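The values are calculated or read from the model by the stated rules, or taken from the named source; none is laboratory data. These figures come from a predicted structure and were not determined experimentally. Neighbour counts run over all protein chains shown; Cβ positions are idealised from the backbone, glycine included.
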Amino acid sequence: MKKCIFLIILAILSLNLLICLSVLDHQVQAKGNAGEDKITVLSPKGQPPPIQLKPMAPRLDTLDGKTVYLINDGYLGTDILLGEMQAWFKANMPEVTAVYKMKGGGGFTAEDPVLWAEIEEKADAVVMGMGH
């Protein structure tokens, strides 16, 4: 008996839903025919430019006698992490020169041509602290 009552209620609710959808559809069509302005919607995906892949730099055989730049882009806590890395190099690999630098320009997407030139001239390897 309970199952039968449940099915009747479900049928009534389904019928009500169909009637409501039909009424809404007629209302939308009536408004569309009343001369209201229509809008055009474009895809937000766009067309990304082609990407030129670049290979990674070859790994160093050893860090002995090398200079490693530790670059902070300003993300919170990166200074602590890179400071710990610099201290670790000093304590565990004193033959490695670890240079801590703060990247200028505000954030990981900003360019810092002065720092890039210094890295190109003096660094053998780079660790870039970029947050997340």
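Some values worked out for this structure:
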| item | result |
| --- | --- |
| For GLY65: the one exception among (1) modelled with pLDDT of 95 or more; (2) at negative phi | (2) |
| The stretch 73-111, residues that are over 28 Å from THR62 (Cα atoms), without any contact (Cβ under 8 Å) to a residue 24 or more places away in the chain and surrounded by 13 or more Cβ atoms within 10 Å (Cβ to Cβ) | GLY104, GLY105 |
